[in-house]
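Below: the structure, in C-alpha cells.
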Amino acid sequence: MKLEHIAFNVTDAPAVAAWYVQHCGLKIVRHVPQPNQTHFLADDDNHTLLEIYNNRSAPVPGYREMNPLVFHLALQSENAEADAGRFLKAGCTRHSETRPDANSHLIMLRDPWGLAIQICQRSPKLV
C-alpha cells in the first residue's frame, strides 16, 4: 500500500490550499467545490499528499493549541534556515528547532492558521 493523502479540516479551505500552493510548491490536482471546498494537493512528483477541506459536520481541530509533536506536516529541505525564513515572511511563526546531529536541522513553525509545519534538513543517509 502507498500513502494516498492526509486530510486537514480547516475553516477557510480555499485560502489554506492557495497558501500551500504558493509557498510549498504544491499544486491543486483536484478541486471539488461542493459541499466542502475540497482541494487535493500534490507534490512535484505528482504524488497527492494533502486534502484541504471544510466539512462542517466535524469540528475544525484547534491546531494552534496542539503541541506540534502530536501532529505536524513535515517538509524536506536542503536548507532549513533559508526555507524557514521564506515561511516566516509568508506569515508563519517560529515554534522551536532542534539539531539531532551535526548535519540535521529541524525547525518547527506554525502556518497562518496554526497548523504545525516541520522543516526537515536531514543528514545524508549513512550506508
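Candidates are the residues of the range 90-122 that are under 21 Å from TYR63 (Cβ atoms) and of a type in the set (D, E, K, R); the one that is modelled with the lowest pLDDT is GLU97. In the range 23-44, of all residues being assigned to a loop (DSSP other than H, G, I, E, B) and either surrounded by 14 or more Cβ atoms within 10 Å (Cβ to Cβ) or among the acidic types (Asp, Glu) (or both), the one that is farthest from the chain's Cα centre (by Cα) corresponds to ASN36.
None of ALA102, ALA90 is over 25 Å from ALA7 (Cα atoms) and not β-branched (Val, Ile, Thr) except ALA102. Here is the figure for the range 4-17: residues that are exposed (fewer than 15 other Cβ atoms within 10 Å of the Cβ), over 20 Å from ILE119 (Cβ atoms) and of a type in the set (A, V, I, L, M) total 2.
Residue count for the range 45-72 satisfying the condition of being at pLDDT below 95, over 14 Å from the mean Cα position of the chain (by Cα) and surrounded by 12 or more Cβ atoms within 10 Å (Cβ to Cβ): 1.
Once the range 79-99 is narrowed to residues that are touching a strand residue (DSSP E or B) at 6+ places or on another chain (Cβ under 7 Å) and in a loop (DSSP other than H, G, I, E, B), the residue that is surrounded by the most Cβ atoms within 10 Å (Cβ to Cβ) is CYS92. Among residues of the range 31-50 that are free of Cβ contacts under 8 Å to residues at least 40 places away in the same chain and on the phi > 0 side of the Ramachandran plot, those with a beta-carbon under 7 Å from a residue that is among the hydroxyl-bearing types (Ser, Thr, Tyr) and surrounded by 18 or more Cβ atoms within 10 Å (Cβ to Cβ) at least six positions away or on a different chain give the pairs GLN37/TYR53.
The values are calculated or read from the model by the stated rules, or taken from the named source; none is laboratory data. None of the values given here were measured: they were computed from a predicted structure. Glycine gets a Cβ as well: all are built from the backbone with ideal geometry, and neighbour counts include every protein chain shown.
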